[in-house]
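Peer 1: Can you read through this structure? Questions will come right after.
Every number here is computed from the coordinates shown, using simple stated rules; none is lab data. Remember, predicted model here, so these are calculated numbers, not experimental data. So basically every Cβ, Gly included, is an ideal-geometry build from the backbone, and we count neighbours across all protein chains shown.
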Amino acid sequence: MNAIFAVVFLLSCALFLLGDPDGFLSAMLSGGQKAATLSLSLLAVYCVWLGFFKVLEKSGLAEKITRHTMPATKRLFRSNDKEALFFAGGNLTANFLGLPGAPTPLGIKATKRFLDADNRYAANMLFVLNATSLQILPTTVIALRLAAGSAFPADIFLPTLLATLLSSLLGAGLVALFSRRKKR
């Protein structure tokens, strides 16, 4: 994938140099400045939410929340592995808050535990729920819109909620349907 991006970038630079050699350097510098600004904006959002998760963990609230959601996650993933369910719950919570990169380590740990227990259903369900990514609070998209200068960056809230809710329900339903079909 990196090779493809490198070829596309180099080809774009060559075409830009042929079409507008005077504007090339200013466009590269402007693009670099925008990329740095966007990266810092996203870094700030991630720091806030990852810090929030760390406070939840240190205070014991994360474990209490997990304990209260355990019956639902047991049913959803069809598993009794408390550690795997804890990782999966943390993964889903980070997705709910719109942090697409933050839940990855938790998702990997949960998937590994599910697969070690030979629970392909749970691993498949977690994969689908990550792909559909139900977002109650799309913080990353709001931060991107804010960094781009949107007058109303939170206008994306309701459409994002509805679209991700529908895709998550459909995806979870399909995993359940196809796992039942396989058993027959």
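Peer 1: Fully extended, how many nm does the chain gain between residue 83 and residue 166 (0.36 nm per residue separation, minus their Cα-Cα distance)?
Peer 2: Gain in length upon complete extension: 27.1 nm.
Peer 1: Any chance you could get the radius of gyration and Dmax over the Cα atoms of the chain, in Å?
Peer 2: Looking at the chain, its Cα Rg and Dmax stand at 20.7, 67 Å.
Peer 1: Additional query: Could you give each residue of region 51-58 its phi-based ³J(HN,Hα) in whole Hz, using Karplus coefficients 6.51, -1.76, 1.60 with θ = phi - 60°, and x for Gly or Pro?
Peer 2: Each residue's phi maps through the Karplus curve to give x, 4, 4, 5, 5, 4, 5, 5 Hz.
Peer 1: Report the FRET efficiency, 1/(1 + (r/R0)^6), for residue 180 and residue 65, where r is their Cβ-Cβ distance and R0 is 25 Å, rounded to 0.05.
Peer 2: That pair, residue 180 with residue 65, gives E of 0.25.
Peer 1: When the label point is put 7 Å from the Cα of residue 47 along its Cα-to-beta-carbon vector, which residues of region 2-40 have a backbone N closer than 13 Å?
Peer 2: Residues passing the 13 Å test: 39-40.
Peer 1: With an 8 Å cut-off on Cα pairs and a minimum separation of 6 or more residues, tell me the relative contact order of region 40-183 in percent.
Peer 2: 23 percent
Peer 1: Multiplying the sequence separation of residue 58 and residue 150 by 0.36 nm and subtracting their Cα-Cα distance, what value in nm do you get?
Peer 2: 29.5 nm
Peer 1: Once phi is turned into θ = phi - 60°, what whole-Hz ³J(HN,Hα) does the Karplus curve with 6.51, -1.76 and 1.60 give for every residue of region 109-119, x standing for Gly and Pro?
Peer 2: 3J(HN,Hα) across region 109-119, in whole Hz: 5, 5, 4, 4, 5, 4, 5, 4, 8, 6, 10.
Peer 1: Evaluate the distance, in nm, between pseudo-label points positioned 7 Å from the Cα of residue 131 and of residue 35 along their respective Cα→Cβ axes.
Peer 2: 3.0 nm
Peer 1: Could I ask something else about it? Using the Karplus curve 6.51 cos²θ - 1.76 cosθ + 1.60 with θ = phi - 60°, work out ³J(HN,Hα) for each residue of region 174-180 in order, rounded to whole Hz, and write x for Gly and Pro.
Peer 2: For region 174-180, the Karplus-derived couplings read 5, 4, 4, 5, 6, 6, 5 Hz, x marking Gly and Pro.
Peer 1: Using helices alone, I'd like the mean residue ellipticity at 222 nm for the chain: each DSSP H run of four-plus residues gives -39500 (n - 2.57), total over residue count, nearest 500.
Peer 2: Computed ellipticity for the chain at 222 nm equals -28000 deg cm²/dmol.
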